[in-house]
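The values are calculated or read from the model by the stated rules, or taken from the named source; none is laboratory data. All values reported here derive from a predicted model rather than from experimental measurement. Reconstructed Cβ throughout: ideal geometry from the backbone, glycine too, with neighbour counts over all protein chains shown. Each accessible area value is taken on the protein alone, full model and side chains, heavy atoms only, with ligands, DNA and RNA left out. Shrake-Rupley method; radii C 1.70, N 1.55, O 1.52, S 1.80 Å.
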Amino acid sequence: MMKRKILKTLLTAGAITIMLPMAANAQSITSVAVSDIGSNYDSGEILSQEEANSVKENAVPITKIQTLSSELTTDEISAKITEIADKYEIGEIFSDEDANFIKLHAAPVNQTPTIQPSNVVIGDAKKYFVGNFNKVELTGHGESKIGFINNSVSGNFIIRDINQAYHKSIGSVVEFRAFGAFGEGGTKVGLVYSKDYTNSAKNANYNKNVFEDSYVASVAYANYSVRGLVDGYSFMTSIPGE
């Protein structure tokens, strides 16, 4: 048998790309047959024609591998976190792919292992947000206080037209999502709290969104996202200096 040629990555036209081990954030190949074939080869090793045809039929094409999360913008990451959270019920464990995204991008809470009173605050994140859309400006601050089980979330936001022009609708929404650790050793991730805080006005040039809420849960990660709403459009805000 002709000696197989070893390549770091095979990318020739019509050939199969074999990448072992696969990147953690790439879509995994679940076919047992493909897995068995892959275990017989080193990284980049060329397959026989028969095995190559089998992989072509069962493996996920390289063009469908998930885009690296590092290529996403801050707005896209925040929207993705909300999208993931909204797929699940409270207490439902996430898929490994969704859990990894949350671990990578949501703000972690530094849990202290020693026993403390239930009302102690172990995570206190107060952030200022700014955003604009044409002549409409959104400013304000939001805060998430994380305890061992007793937590709170609050916000104070003002959206206004700097030219004092009136709009059919004007307002803002805060999307808050909290995630907890589940399973043996806390290796799994699940949704523990989810709520949108929305306030808007019709035929106005100004609106204020003020809220304060509390919830009971053991929180490992959290995400606080703010959007402006004007005449049916939505725009993201940013945190100065981040």
> By per-residue mean of other Cβ atoms within 10 Å, what is the highest-first order of 232-241, 154-163?
Replying inline: 154-163, 232-241
> Taking a 21 Å limit on the Cα-Cα distance, which of the listed pairs 80/188; 127/195; 87/208; 145/188 fall beyond it?
Replying inline: 87/208; 145/188
>> If I compute solvent accessible area with a 1.4 Å probe over the protein chains, what percent of it on the stretch 147-242 is carbon and sulfur?
In response: 48 percent
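About its Cα centre, what dipole magnitude does the stretch 142-223 give when the only charges are +1 on Lys and Arg Cβ and -1 on Asp and Glu Cβ, stated in debye to the nearest 20?
It comes to approximately 240 debye.
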>> Can you list residues from other chains, or at least 5 along the same chain, whose modelled amide H is less than 5 Å from the amide H of residue 195?
In response: 176
>> For a test of the definition: using alpha carbon positions, the gyration tensor, and the 1.5 limit on a/c, classify the stretch 173-220 as rounded, prolate or oblate.
In response: prolate
> Label residue 107 and residue 201 with points 7 Å out from Cα along Cα→Cβ: what is the distance between them in nm?
Replying inline: 2.8 nm
> Say the dipole of the stretch 121-186 comes from +1 at the beta carbon of Lys and Arg and -1 at that of Asp and Glu; which of 139, 169, 180 then lies farthest toward its positive end?
Replying inline: 169
